[in-house]
Amino acid sequence: MEWKNLYRGFIMGISDLIPGVSGGTIAVILGIYDRLLDAISGFFSRRWKEQLGFLIPLAVGMGTALLLLSRLIEFLLTNYHEPTQFFFIGLIIGVIPLMLKQAQPKKNFGSRHYIILAIAAILIASMAFINPEKTTEPITSLSVLSVIGLFFSGWLASMAMLLPGISGSFILLLLGVYSTAINALSTLNIPVILVIGLGAVVGFIGSSKGIKYSLSHFPHITYAIIIGLIIGSLFVVFPGMVTGITTLILCLITFVFGLSVTMLFDSEKKLTKGKTNK
């Protein structure tokens, strides 16, 4: 078992609770994005047993964060919205140089790649102008129609979740299901959690295979899209101009902290690679 994935999953679980913050981006920061795609794809193949050591601790960490911190995240977003968002802006800005190192745009990008990057960034940034209804009454009991709706909502959200730059929680917001998901986690509404979770599992399978295929066969275009998605997500997470000295100082502190976390994980990743090479 790769027990280090417990804390990695925990961090990814926190990000998945916050609209605008992508679990895929956090996976890149943690240095496990490619391994995550391989593990999810491989789990639904003959090599499924090989993936358990990676996926089980990751899933336990994510599940723990979702169950324990759903109310805390609601509290922070309600009472400390700007500082919380600036923490994630720091994380996202920190991941851009990591992606550029992998993509090597000076060597591999032509004009079409930059056009694709810009289009991806604009598409995601445009979501900042969409104001989905956050106060939708949560679904607490299931009917045939609600089961179908929640299942496909989980499906779409998980497909977005694996792409750096696109937030699964934001997709749930757009679909009017975010309040239902948070309420189900806070109150341990098992039937609702299971329906959304089953849809998420199906979405993970399809999206992991699709992204893995794209990275294998069209790596430069795929990296251009991913970098564009990450840049565009900054506009979605940005909470607007900050007013008040205290709030401004808090935002600056959380931003620097988020940036430092990215650099810390990048240093850890380099150290781990160095030990492996030895």
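The values are calculated or read from the model by the stated rules, or taken from the named source; none is laboratory data. Given the structure is predicted, the values throughout are model-derived calculations rather than measurements. Neighbour counts run over all protein chains shown; Cβ positions are idealised from the backbone, glycine included. Please note that ligands, DNA and RNA were not included when accessible areas were found on the heavy atoms of the full protein model with its side chains. Shrake-Rupley method; radii C 1.70, N 1.55, O 1.52, S 1.80 Å.
Quick notes
- Cα-based equivalent ellipsoid of segment 196-259: semi-axis lengths in Å, sorted from largest, via gyration tensor: 35, 17, 10
- Each of 225, 250, 160 was placed along the dipole of the chain (beta-carbon charges, centred on the mean Cα), and the one lying farthest toward the positive end is 225.
- Derived scalar couplings between HN and Hα for segment 239-246 equal x, x, 5, 8, 10, x, 4, 4 Hz in order, rounded to whole Hz, by the Karplus curve 6.51 cos²θ - 1.76 cosθ + 1.60 (θ = phi - 60°), x for Gly and Pro.
- Solvent accessible area, Å² - residue 47, 1.4 Å probe, full protein context: 100 Å²
- GNM result for the chain, Cα springs below 10 Å: residue of 85, 102, 51 fluctuating most strongly: 102
- For the options 156, 76, 36, a Gaussian network treatment of the chain with springs between C-alpha atoms closer than 10 Å singles out 76 as fluctuating the most.
- Sulfur and carbon atoms: percent of accessible area, the chain [1.4 Å]: 71 percent
- Accessible area per residue for the chain is 51 Å², calculated with a 1.4 Å probe on protein heavy atoms, without ligands, DNA or RNA.
- Note on segment 1-98: Cα Rg divided by 2.2 N^0.38 Å, N the number of residues, gives 1.15.
- Using only Cα coordinates, the Kirkwood hydrodynamic radius of segment 131-260 works out to 16.8 Å.
- Take residue 202: with every protein chain present and a 1.4 Å probe, its accessible area is about 50 Å².
- For segment 46-137, the Stokes-Einstein estimate of translational diffusion at 4 °C and a viscosity of 1.567 mPa s comes to 74 µm²/s, using the Kirkwood hydrodynamic radius over alpha-carbon pairs.
- Quotient of Cα Rg and 2.2 N^0.38 Å for segment 103-174, N being how many residues it contains: 1.53
- Kirkwood Rh (inverse of mean 1/r, distinct Cα pairs), the chain, angstrom: 19.3 Å
- Put 82, 50 in order of accessible area, highest first, and with a 1.4 Å probe you get 50, 82.
- The chain, helix-only ellipticity at 222 nm - DSSP H runs n ≥ 4, -39,500 (n - 2.57), divided by all residues, nearest 500: -26500 deg cm²/dmol
- GNM flexibility winner over the chain from 145, 66, 162 (Cα, springs under 10 Å): 145
- Taking the Cα centre of segment 48-174 as reference, the dipole from Cβ charges on Lys and Arg (+1) and Asp and Glu (-1) amounts to some 600 debye.
- When 113, 81 are compared by accessible area of protein heavy atoms, the largest-first order is 81, 113, using a 1.4 Å probe.
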